[in-house]
Amino acid sequence: MHPDLEFALSLADDADAFTLPRFEAADFTLGWKDDRSEVTEADRGAESLLAARVLAERPEHGFFG
């Protein structure tokens with residue numbers, strides 16, 4: 001498997017492991033982004049987790065989110 005694909009799949013697994021238990025337990029707070037779309041604390045937490053991994057493991061890449 002290509003290393004980039006392997007990394008992307010591991011990021012997806014991390015996001016799933018972080019968000020799924022929160023959604024299954026209905027343990028999240030709903031908020032609104034500036035564009036009036038919904039966002040949860042689980043969404044924001046997953047984004048922070050993924051950004052940290054991308055920037056730590058692929059510092060030559062940026063993260064926009």
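Bear in mind these aren't lab numbers, they're just calculated from the coordinates by the rules spelled out. This structure is a prediction, so every number in the text was calculated from the model and none was measured. All Cβ positions, even for glycine, are placed from backbone atoms using ideal geometry, and neighbour counts span all protein chains on display.
Within the range 48-65, if we keep just the residues that are charged (D, E, K, R) and assigned to a helix (DSSP H, G or I), the residue that is nearest to A12 (Cα to Cα) turns out to be R53. Count of the range 1-23 residues, restricted to those that are touching a residue at least 24 places away in the same chain (Cβ under 8 Å) and aliphatic (A, V, I, L, M), is 2. Within the range 24-47, the set of residues being surrounded by fewer than 12 Cβ atoms within 10 Å (Cβ to Cβ) and either assigned to a helix (DSSP H, G or I) or in contact (Cβ under 8 Å) with a residue 60 or more places away in the chain (or both) comprises E24 only.
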